[in-house]
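The structure appears below as structure tokens.
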Amino acid sequence: TYTDRRFLVVVEPMIAPNETNARVYGGDSIVVLSPSHGNIPLDDVRHVYLHYSLEPLLYARVGAMDRLLPLLKSVREAPLDVSYRSDIVALVTESLIRAIEARTMTTGIAPYKMPTNVRRSEMDRIERERQTVNQQIDAVRRKSVDHSMQLGFILTAYFYDALAAFEHDPVSLKEAIGDMVYDMDVSSQVGRAKQIAFLPEGATDVVKRAPRQTSVIDQAEVKLMKGDRAGAQQLAQHALEQDTGDAAQANFILARTALMS
């Protein structure tokens, strides 16, 4: 990659078959998995990769998310991990990921195929059949969205609908994600959340922020990823003055904060 972040998948046959563990260490996302009958749990890998891809885009807009903070009150009774109930960026990120997964999931319903040599008189019937199949596919995906909402990821439905418009837009997700956040009507999403009957138990995410002793340089990297240039600069400068880390890495962080400014 052109940054110092890494997405690493390790296939380890010595752990239990079909087992997946994912950890995030600063800017590194590491997935350790074991194949089962020659297959790997690709859905889990995709989920971690979406975290890896989307988190920097959302943390870069962390200042714009202050107005979304009222949404955290709506999930106080949801069966969510405390990280989602206390961090609006984490809640937004997981909701967006689940919306993407719903829109791209395999539903078990074959997409409608337009027959060949169609007569003009048959076009209305064919269009009705196509719409019926599309509605059946959307119903399966909506069921997945509803389940995510009941788990407490209350913006999944909003992003699911926003992605439908994005799919017909030539802009990249990196460009579109800002509008999705900025254009959100927070009060309507709070109202929607009040109508949700949360499930008694939540789901566990394959991604874990593994605890470890982080260095000053690691903390500076995290602040830089979240868009806190001043905090990253202060920590990198402290590392240089106190000789508490890699001087080259500290200088590299200082150079990046200067460039971003």
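Can you confirm whether region 193-200 contains a residue that is touching a helix residue (DSSP H, G or I) at 6+ places or on another chain (Cβ under 8 Å), open to solvent by less than 30 Å² (accessible area, probe 1.4 Å), at pLDDT 90 or above and within 30 Å of residue 30 (Cα to Cα)? There is no residue in region 193-200 that is touching a helix residue (DSSP H, G or I) at 6+ places or on another chain (Cβ under 8 Å), open to solvent by less than 30 Å² (accessible area, probe 1.4 Å), at pLDDT 90 or above and within 30 Å of residue 30 (Cα to Cα). Within region 91-139, the residues that satisfy the criterion of being surrounded by 11 or more Cβ atoms within 10 Å (Cβ to Cβ), at pLDDT 85 or above and of a type in the set (Asp, Glu) are 94, 101, 127, 129, 138. With respect to the conditions (1) modelled with pLDDT under 75; (2) in contact with a Leu (Cβ under 8 Å, 6 or more places away or on another chain); (3) of a type in the set (S, T, N, Q), residue 244 falls short on a single one, namely (2). Reported count of residues in region 177-196, each being under 15 Å from residue 64 (Cα atoms), in contact (Cβ under 8 Å) with a residue 12 or more places away in the chain and in a helix (DSSP H, G or I), is 6. Can you find a residue that is in a helix (DSSP H, G or I), more than 17 Å from the chain's Cα centre (by Cα) and closer than 19 Å to residue 192 by Cβ anywhere in region 100-116? Looking through region 100-116, none of the residues is in a helix (DSSP H, G or I), more than 17 Å from the chain's Cα centre (by Cα) and closer than 19 Å to residue 192 by Cβ. Being out of contact with any helix residue (DSSP H, G or I) (no Cβ under 8 Å at 6 or more places or on another chain) and either surrounded by 16 or more Cβ atoms within 10 Å (Cβ to Cβ) or acidic (Asp, Glu) (or both): is that true of residue 84 here? No.
Looking only at region 229-254, filter to residues that are assigned to a loop (DSSP other than H, G, I, E, B) and open to solvent by 60 Å² or more (accessible area, probe 1.4 Å); which one of those is nearest to residue 60 (Cα to Cα)? Ranking the qualifying residues of region 229-254, first place goes to 246. Can you find even one residue in region 140-154 that is exposed (fewer than 10 other Cβ atoms within 10 Å of the Cβ) and under 30 Å from residue 31 (Cβ atoms)? No, because not a single residue in region 140-154 is exposed (fewer than 10 other Cβ atoms within 10 Å of the Cβ) and under 30 Å from residue 31 (Cβ atoms). The set of residues from region 21-40 being open to solvent by less than 70 Å² (accessible area, probe 1.4 Å) and either within 18 Å of the chain's Cα centre (by Cα) or within 20 Å of residue 219 (Cα to Cα) (or both) comprises 21, 22, 24, 26, 27, 28, 29, 30, 31. Out of all the residues in region 159-178, is one or more open to solvent by 30 Å² or more (accessible area, probe 1.4 Å), of a type in the set (Gly, Ala, Ser), modelled with pLDDT under 95 and within 16 Å of the chain's Cα centre (by Cα)? Scanning region 159-178, I find at least one residue that is open to solvent by 30 Å² or more (accessible area, probe 1.4 Å), of a type in the set (Gly, Ala, Ser), modelled with pLDDT under 95 and within 16 Å of the chain's Cα centre (by Cα), so the answer is yes. Against the test of being in a helix (DSSP H, G or I), over 30 Å from residue 64 (Cβ atoms) and acidic (Asp, Glu), the options 124, 161, 146 yield a single qualifying residue, 124.
Counting only residues that are surrounded by 14 or more Cβ atoms within 10 Å (Cβ to Cβ) and at pLDDT below 90, region 1-14 holds 2 of them.
Once region 48-77 is narrowed to residues that are under 18 Å from residue 174 (Cα atoms) and either small (Gly, Ala, Ser) or touching a Cys at 6+ places or on another chain (Cβ under 6 Å) (or both), the residue that is surrounded by the fewest Cβ atoms within 10 Å (Cβ to Cβ) is 63.
Per the listing 80, 72, the residue uniquely in a loop (DSSP other than H, G, I, E, B) and within 24 Å of residue 181 (Cα to Cα) is 80. Restricting the search to region 80-101, which residues are of a type outside the set (Val, Ile, Thr) and out of contact with any Phe, Trp or Tyr (no Cβ under 6 Å at 6 or more places or on another chain)? Hits for region 80-101 are 80, 81, 83, 84, 85, 86, 87, 101.
The values are calculated or read from the model by the stated rules, or taken from the named source; none is laboratory data. None of the values given here were measured: they were computed from a predicted structure. Here the Cβ is made from the backbone with ideal geometry for all residues, glycine too, and neighbour counts use every protein chain on show. In case anyone asks, the SASA skips ligands and DNA or RNA and just uses the protein heavy atoms, side chains included. Shrake-Rupley method; radii C 1.70, N 1.55, O 1.52, S 1.80 Å.
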